[in-house]
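Structure first, commentary second.
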Amino acid sequence: METLLQLKPTPSLVSNQQLPVVNSYNEWDPLKEVIVGRVEGAAVPKLEPALETNSYPSNLWFFQKYGGQPFPQELIEAAAKELNEFCRILEAEGVTVRRPDVIDFTQPYKTPDFEANGFYAAMPRDILIVVGNEIIEAPMAWRSRFFEYRAYRSLMLDYLRRGAKWTTAPKPSMSDEFYDVDFATKPVEVRYALTEKGHFVSRDTEPSFDAADIVRFGRDLFVQRSHVTNNIGITWLKRNLGDKFRVHEINFPDLNPMHIDASLVPLRPGLALINPARPCIQTDLFKKAGWDLVEAAPSTLPDNWPMYMCSSWVCMNILSLDPETIVVEKQEQPMQKLLKDLGFKVIPVDFRHVYTFGGSFHCATCDVRREGQLEEYGF
Ligand code: NVA
């Protein structure tokens with residue numbers, strides 16, 4: 001039996017690099033260790049208020065038909081193959097790859113407040129964020145994601161034992177009071193009009209955020225209020241990180257906001273990708289800090305590609321291996337060209353079947369350790 005004395009009180013250093021085992025301050029420093037999600041065991045969530053709000057009406061049939069069942073086997077196999085090859089490529093680049101446990105997410109569960117079944121552990125970025133030597137488990141806001149953390153518990157325990165600071169943010173009850181339950185049932189135009197006025201499906205009764213609504217630029221972090229990240233969740237985040245960091249709220253003209261990493265993606269100090277379909281409202285903040293914002297190139301994805309949970313703007317959801325090297329989807333040639341013209345080395349990797357599960361390389365990873373330390377980048 002492990003005793004408390006065996007837990008190391010201070011971050012242990014990884015011998016060859018002299019870095020704490022958990023150490024990451026931004027999205028571009030040289031990557032040393034990463035968690036890559038998996039689709040084995042994935043279930044299609046049943047419709048619930050927040051999921052219904054975040055789905056496009058044309059996709060509702062998928063959740064109505066398969067909700068509570070495993071994801072169709074052919075989708076799982078195709079995406080698992082791409083994820084495994086992505087892991088092999090990362091390892092060949094010298095990155096340590098860790099994977100979540102396989103869990104059967106079709107298992108139903110019941111809390112005092114609701115009943116649901118699970119979703120998946122395909123997108124670690126949604127639930128985990130590393131800020132310095134602290135790894136934070138986000139509360140999340142979909143009922144189908146309430147127990148998602150279980151797939152990462154053995155990894156979190158390992159990082160804790162090796163000296164990391166592991167924090168779990170308080171989870172909302174996800175009771176009916178937490179949601180504006182009528183929001184999802186309103187016509188899309190009404191929902192969009194409400195979103196433009198700052199009205200979202202999650203209410204401010206209890207903190208919630210998804211880690212993927214946050215993007216890290218060293219001392220400065222940017223977060224968006226979205227359907228899954230509420231104001232009191234942002235307050236919790238600010239207070240938890242303390243004075244060492246500055247958390248800025250930014251917004252985009254996004255009528256279905258959930259996850260910032262297909263809207264704003266930093267590439268290296270002074271250069272970030274922005275989404276031309278939803279340019280950041282606070283562009284001046286970046287310009288004043290000396291950052292160039294470059295418009296991402298649109299996706300080459302065919303219109304009939306199955307996309308149940310995100311837009312094709314995940315073509316800009318890239319993973320930086322260092323400030324000069326970026327993993328980009330193999331068939332996104334316009335994005336590849338744009339990045340090469342900016343001086344980057346591009347590593348093309350097949351990932352379109354993973355898109356179908358709601359994200360690309362940034363979503364499907366959580367960088368646990370990058371070289372580098374806390375720095376400021378002009379803000
Ligand atoms: N919800 C956004 C971000 C996905 C990573 C989109 O669909 O574009």
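Things worth noting here:
- Matching residues in the range 275-296 - criterion: being open to solvent by 20 Å² or more (accessible area, probe 1.4 Å) and within 13 Å of the ligand (Cβ to nearest atom): Pro276, Ala277, Arg278
- Some residue of the range 230-244 being open to solvent by less than 10 Å² (accessible area, probe 1.4 Å) and out of contact with any strand residue (DSSP E or B) (no Cβ under 7 Å at 6 or more places or on another chain): yes
- Unmet criterion (only one of (1) open to solvent by 50 Å² or more (accessible area, probe 1.4 Å); (2) in a strand (DSSP E or B); (3) not basic (Lys, Arg)) for Val265: (1)
- Only one of the listed residues (Asn256, Asn304) is surrounded by fewer than 18 Cβ atoms within 10 Å (Cβ to Cβ) and within 16 Å of the ligand (Cβ to nearest atom). That residue is Asn256.
- Helices (runs of 4 or more DSSP H) wholly inside the range 45-139 that include at least 2 residues being open to solvent by 20 Å² or more (accessible area, probe 1.4 Å) and more than 16 Å from the ligand (Cβ to nearest atom): 60-66, 73-92
- Sub-7 Å Cβ pairs linking a first residue in the range 243-266 that is more than 19 Å from Phe200 (Cα to Cα) and among the aromatic types (Phe, Trp, Tyr) to a second residue that is more than 14 Å from the ligand (Cβ to nearest atom) and assigned to a loop (DSSP other than H, G, I, E, B), at least 6 apart or interchain, are Phe245/Arg219, ordered by first then second residue.
- Filtered by the rule that a residue be in contact (Cβ under 8 Å) with a residue 40 or more places away in the chain and assigned to a loop (DSSP other than H, G, I, E, B), the range 174-205 gives Met174, Ser175, Asp180, Val181, Phe200, Val201.
- Checking Val346, Val314, Val265 one by one, the residue that is β-branched (Val, Ile, Thr) and over 20 Å from the mean Cα position of the chain (by Cα) is Val346 and no other.
- Qualifying residue in the range 326-338 (condition: open to solvent by 50 Å² or more (accessible area, probe 1.4 Å), part of a strand (DSSP E or B) and away from the ligand (no atom under 14 Å from the Cβ)): no
- Condition met for Phe361 (assigned to a loop (DSSP other than H, G, I, E, B) and surrounded by fewer than 24 Cβ atoms within 10 Å (Cβ to Cβ)): no
- Yes/no for Asn317 being within 23 Å of Val39 (Cβ to Cβ) and open to solvent by 60 Å² or more (accessible area, probe 1.4 Å): no
The values are calculated or read from the model by the stated rules, or taken from the named source; none is laboratory data. Everything quoted here is computed from the prediction, not taken from an experiment. Cβ atoms come from the backbone with ideal geometry, glycine included; neighbour counts cover every protein chain shown. These accessible areas exclude ligands, DNA and RNA; they are computed on the full protein's heavy atoms, side chains included. Shrake-Rupley method; radii C 1.70, N 1.55, O 1.52, S 1.80 Å.
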